[in-house]
Amino acid sequence: MTLSTMDFYTQAILSLAALIGLTSFLMLGQGRLLRLIFIFALQGFLLTLTTALVAYSLDNPHLYISAALTLALKVIFIPWMLRKEVIKMNMHRDVQALTNKTAVMMGGASLMVFSYYVLHPIVHTTTTVMLNALAVSLSVVLLGMLLMIAHRQAVAHVVGFMSVENGLFFAAIVATNGMPMVVELGVAFDVLVAAVLFGIFFLHIRTSIDSLDVDLLNRLHEVDK
Amino acid sequence: MIAAYFILLIPLFGIVFFAFLGHSENTGRFNVWLNVASFIATLWLAINVLNGGTLLSEDKAFLIDPFNVYLIVLTAFVGMTTSVFSAPYMAHEKELGKLNDARLKLYYSMFQGFMLAMYLVLTTNNIGVMWVAMEGATLATVLLVSLYRTPESIEAAWKYFILCGVGIAQALFGTILLYYAAVQIGDGGDNALLWSVLFDHADKLNPEILELAFVFLLMGYGTKIGLVPLHNWLPDAHSEGPTPMSAILSGLLLNDALYAVVRNKMLVDGATHSQIAGYLMMGFGLLSFLVAVFFLHRQKDIKRLFSYSSIEHMGLMTFAFGIGGANATFAALLHMTVHSLTKSAIFVTVGHAAQVAGTQSMEGIRGLIKTQPKIGWGLLIGTVAIAGFPPFGVFTSEFLVLLATMHSYPWLTPLLLLGIGIAFAGLFRHIQAMVFGEKPEGQLPVKANLFPVMVHLALVLWLGLAIPGFLAHWFSQATLLISGSAPL
Amino acid sequence: MNWLIAALQTALFVLLAPLLAGWLKCCKCALQNRKAPSVLQPYRDLLKLTRKNPVVAEQASWVFTRTPYIVFSMTVLAASVVPLIAVDLPTSASADVIVMVGFFAFARFFLALAGLDIGTAFGGMGSSREMTISSLAEPAMLMAVFTLAMAESTTNLSVAISHVLNDGLLLRPSFLFALYALILVAVAETGRIPVDNPTTHLELTMIHEAMILEYSGRHLALIEWASQIKLMLYGTLIVNIFLPWGIAENFTSSALLYGLLIIVAKLAALAIVLALSETLLAKMRLFRVQEYLSFAYLLGLLGLLSHIILEASR
């Protein structure tokens, strides 16, 4: 099964998978918060495109609803909320220099290899290349986590959190052509509530430590010192 | 089946009712009545299941079998007694000026929201919905952890939110893999995530995909169970949130996360016909158990102390479910019950003790038995029970776990015994001083309702002395369902 | 006949390179609201420089005086292996990417030696910087090339281009990464903004210019010409590998003419893109170049990975 024998739809899905993976990497190497949020919105948009493409090729109307939800939540609402927060806190000017960007990037690349390695045992269970999309989505999930580890800003943590969701969503859409409607609605609802809660949390963190740098949240210890 | 709908509708009504009606003197009492109503509905459901066996709703959206029905009853019961405790407790916190009406409104509304999520986790037949409800439980409780709005509580809530949110995302990936496996056997569509359907076809599912899926599911739900090394959120959330929250987190949330893991393990075992899932659970369970017992010694905050004790017991349960087989499963089910009852009783007592002393630091809590004997005795007996002394139920279940271990993996028994011993020492070196120590000047009793504590501890005692026939029958049925063979 | 076309192609490279540089300058001036010099200005400059006598420092050894010829001939050799208007030329047997990289490395080696040879501070600094950057750029370049090589199972440029042509329109995720990586490497290798600024003589920022600061007259002309050819070569590489449509596959005069027109159009378009990016971006600090190049390496690696993960047959 080489690329040239696949139909255009599959090729397009694979390219989108690669682009989504790329956006994850771009986010990982991004020090400026506003640009980070922009790339996150871009990833959401690619996800919307993927969903719409799958919906079109399978003629599955409920996936159009998922696509619309993704567009509304991950391309418009959450980036808008985060952007507002960043501008309000006047953080869009300082460069959140990542201390060891190269190491983080290389870590990201090895995570991608790792996710392929993890999924390798189930490769032969399918003839379709769609399974490979699972590897990409797992790496998006892992890269989202790495992003959360590498950054200190709460806003970046939220972006990482949501990009983990993006990875999961991509897996659900591509590898399995969408979960049952009730589950998808439930997940979208959870994401919405989580986004609202994050907004509330920004307020709380700001009022309590007067910053959104979560490294300052360091009062609690595993054992008392 | 109507009872199941009632169980879900009552808390749903509660959320809306508390959110829109605002807070008044009677809200706490009304919360109790709602939980009593839920409890009655669960009893009704339980009787239906006892008489008629497994229930499956017509659209297959809900599944009630002997395994989850007892957890449903347990959830409703602990929820009810905790609400009894929470009414005067929260009123007292308001008097101290820590909370205002708006926060209390949020508290009661989210209390019901949490109960709804818990019932949904337990009753649903769809493992996707189960995930959604589990995440919903996080979302409902995260604002409760930060209810006091102190920097510590906000930090704890943020940690809880991020760690559980990211952790449970792994479980969703596992669920997607399960779905992927289901689609492969031509079972796509809306039914493919139904547990009952998957369970029927379990042997046809691809074992390799399911093994992988289980790793992700265990990691994801394991974060919620509080398995080491994903446990960091648990002591923080327990210690910084209001005490009734700690009681229901320890007593219910951890159980339900474990329930989700066991449900998925049943599918995986059916497909792989191997012990792989069990070994994973045993490994993580044992690790959590051993790590937690050592951390018990290093704590200074009383609620952190008992949350590490929760990690310890959840580890033990996970280990027991991992061993598999009838005896170990039976022991794990019993342990789930007695731990829930005991731990929520302890947290209730601890809440009162902290109010008496005015601090959660163990160095500040002294001479409880002289100031308010009821609380002192409650804490002492609760600790005795949780440490696994006979004749309490925890002793019985731990004994059964040890027995099962000796039978299957004798070389692990010394580790367990050692852990139990260290945990005992860790608990008592702290508790003794708090209960019997010198009473500080000017320490006054507080208004406390220890009725729930007494009921819980009495039940645990009863379960330790003799497990009533219907309950034993119930556990046997659940064991048969999970492990495929009847106990003893 | 075929050899003649091959020679013609190389000649085209050599002759058109200053035109591309002139056009690039035109575009940049237009974008920056300046009055542009004529497109033919680079030719005039070269002509003028060749007429002047080179001034060579007393301490200069033979390395210094020979280097311009070595650099120029190596670049022309490299140009001869890259398909410009036609594939399957007789030179295509040696049209290997690794050979091309080798030619460039050889030229750079001598250029760096020449920079050190005079013993001025700037020359040494330029050489050291150039070697730093190239040692980082080369792995990234090879990563991108390997992606291509794995996808087409060859490192031969001519064969690879024919493959891409025969496959038709194929969305290759790995090519997206490889293209991006190659563009980044090309920018670094040809010393354009944001890595180096070819127009600056500010001592703190120059890299390539520092090395050749001591050259004058026809020596300078040769080196300038060589770097113009190098720019065109990378441009050709990018457009011909990733968008090869239009290149001549047989040697009829109409096909060749068509191929020539197409490649001129493609390069002109690429120059506009380059001018745009040079206008929009600022030159980055030297110490950030390693981040930039490690990102290029990462992209190359991702291209390789996505080829293995997404496309490879099993």
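List of remarks:
- Positive-pole candidate from B:Leu341, B:Gly270, A:Phe161, dipole of the protein assembly as shown, charges at beta carbon: A:Phe161
- Cα lying deepest toward the dipole's positive end in the stretch C:175-314, options C:Val239, C:Trp225, C:Ile308, charges on Cβ: C:Ile308
- Total formal charge among the other residues, if their Cβ is under 15 angstrom from that of B:Phe62, Lys/Arg +1 and Asp/Glu -1: -2
- Per-residue [θ]222 nm for the protein assembly as shown (sum of -39500 (n - 2.57) over DSSP H runs n ≥ 4, rounded to 500): -25000 deg cm²/dmol
- Close Lys pairs in chain C (alpha-carbon distance under 23 Å; sequence gap of 8 or more, or different chains): 13.
- Percentage relative contact order, the stretch B:276-488, counting C-alpha pairs under 8 Å, at least six apart: 29
- Choice from C:Pro83, C:Pro18, C:Pro139 with maximal GNM fluctuation in chain C (Cα, 10 Å cutoff): C:Pro139
- Distant-in-sequence amide H partners of B:Asp301 (H built 1.01 Å from N, under 5 Å): B:Met362
- Between C:Leu8 and C:Ser94, the FRET efficiency estimated from the beta carbon spacing at R0 = 22 angstrom works out to 0.80.
- Here the Gaussian network model covers chain C, with springs between Cα atoms less than 10 Å apart; of C:Ala36, C:Ala181, C:Ala226, C:Ala36 fluctuates the most.
- Distance between modelled label sites at C:Arg44 and C:Ser135, nm, 7 Å Cα→Cβ extension: 4.3
- Spin-label pair C:Val101/A:Met181, simplified geometry with 7 Å Cα→Cβ offset, distance in nm: 5.4
- For the stretch B:152-302, lysine pairs with C-alpha atoms less than 29 angstrom apart, excluding pairs fewer than eight positions apart on the same chain, total 6.
- Cα lying deepest toward the dipole's positive end in the protein assembly as shown, options B:Ile431, C:Asn33, B:Leu465, charges on Cβ: C:Asn33
- Alpha-carbon centroid distance for the pair the stretch B:74-135 / the stretch C:258-309, whole angstrom: 56
- Under the criterion of Cα pairs below 8 Å and six or more residues apart, the relative contact order for the stretch B:124-189 equals 30 percent.
- Selected from A:Val54, A:Val104, A:Val193 as most flexible by GNM, with chain A as the system and alpha-carbon contacts under 10 Å: A:Val193
- Pairs exceeding a 31 Å alpha-carbon distance, out of B:Lys98/B:Lys343; A:Lys74/B:Lys94; B:Lys105/B:Lys370; B:Lys303/B:Lys439; B:Lys105/B:Lys439: A:Lys74/B:Lys94; B:Lys105/B:Lys370; B:Lys105/B:Lys439.
- Likely footprinting exposure, B:Trp158, C:Trp62, B:Trp377, B:Trp462, fewest C-beta neighbours within 10 Å first: C:Trp62, B:Trp462, B:Trp377, B:Trp158
- Whole-Å distance, taken between Cα centres, linking the stretch B:1-48 and the stretch C:1-69: 85
- Counting only residues at least eight positions apart within a chain, or on another chain, the aspartates and glutamates with an alpha carbon under 13 Å from that of B:Lys60 are B:Asp190.
- In nm, spacing of pseudo-spin labels at B:Ala91 and C:Asn33 (7 Å Cα→C-beta vector): 7.5
- Ascending count of other beta-carbon atoms within 10 Å, so fewest first, for C:Glu138, B:Glu25: B:Glu25, C:Glu138
- FRET efficiency, C:Ala121 to A:Phe8 (Cβ-Cβ, R0 45 Å, nearest 0.05): 0.15
- Unit charges on C-beta of K, R, D, E only; dipole of the stretch C:180-314, Debye: 200
- Charge dipole magnitude, Cβ of K and R +1, D and E -1 - the stretch A:7-216, Cα centre, debye nearest 20: 560
- Only the Cβ atoms of Lys and Arg (+1) and of Asp and Glu (-1) were treated as charged; on that basis the dipole of the protein assembly as shown about its Cα centre amounts to roughly 2200 debye.
- The Cα center of the stretch B:396-413 and the Cα center of the stretch A:1-75 differ in position by 51 Å.
- Relative contact order (%) - criterion: Cα under 8 Å, at least six apart; region: chain A: 23
- Gain in span if fully extended, B:Phe451 to B:Phe17, counting 0.36 nm per residue against the direct Cα distance: 153.5 nm
- The ranking of C:His307, B:His456 from fewest to most other beta carbons within 10 Å of each one's beta carbon is C:His307, B:His456.
- Global geometry of the stretch B:399-472, whether rounded, prolate or oblate, following the gyration tensor of its Cα atoms and the 1.5 cut on a/c: oblate
Quick note: the coordinates plus some simple rules give every number you see, no bench work behind them. In this text the structure is predicted, and so the values were computed from the model without any measurement. Counting neighbours? That spans all protein chains shown, and the Cβs are built from the backbone with ideal geometry, glycine included.
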